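Written below as structure tokens is the structure these notes are about.
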């Protein structure tokens, strides 16, 4: 199974859809359960999680072999760089805890 963070965003959604089209198992992570519903209807396993919370991401990465990581550009954050540092630190803790085999980083929402 592959985890896709930021699954409801432009890049993450395309990754989820592409993997599902290839009959891959996908766990789609997002902050809003309502926005994950369309991906669940396509066959993804929805996971509501907070990317800044290492425990949440560790649970999200459980039982997976790879992860597609997005550093969200949340422009509502007063310090975007600090926010992205917290997210990347959370991902690093979860990645190390789960000893994942593959990691793909996407810093900006540039498309797939």
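Read-outs: derived from the displayed coordinates by stated rules, not from any lab. For clarity, every value in this text was computed on a predicted model and none was experimentally measured. Please note: Cβ atoms are built from the backbone with ideal geometry, for glycine as well, and neighbour counts cover all protein chains shown.
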**OP:** Starting from one equal scatterer on each C-alpha and no solvent at all, send me the Debye-based log10 I(q)/I(0) for the stretch 4-46 at q = 0.25, 0.26, 0.28, 0.33 Å⁻¹, two decimals.
**Re:** -0.72, -0.79, -0.92, -1.27
Subject >> Sorted largest first, extent of the chain alpha carbons per principal axis (Å) >> reply: 38, 29, 23
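If we sort 28-37, 1-10 on the protection proxy, mean other Cβ atoms within 10 Å, highest first, what's the order? Please report the intermediate quantities before stating the final value.
Numbers: 28-37: 17.6, 1-10: 22.3.
Taking the mean over residues of other Cβ atoms within 10 Å, the ranking is 1-10, 28-37.
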Original post:
To the nearest 500 deg cm²/dmol, what mean residue ellipticity at 222 nm is calculated for the chain from DSSP H runs of n ≥ 4 alone, each contributing -39,500 (n - 2.57), summed and divided by the residues?
Top reply: -13500 deg cm²/dmol
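Can you give the FRET efficiency to the nearest 0.05 for residue 22 and residue 79, using r as the Cβ-Cβ distance and R₀ = 35 Å?
Details: r = 38 Å, r/R0 = 1.09.
With a Förster radius of 35 Å, E is 0.35.
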Original post:
So for 56, 76, 65, fewest C-beta neighbours within 10 Å to most, what's the order?
Top reply: 76, 65, 56
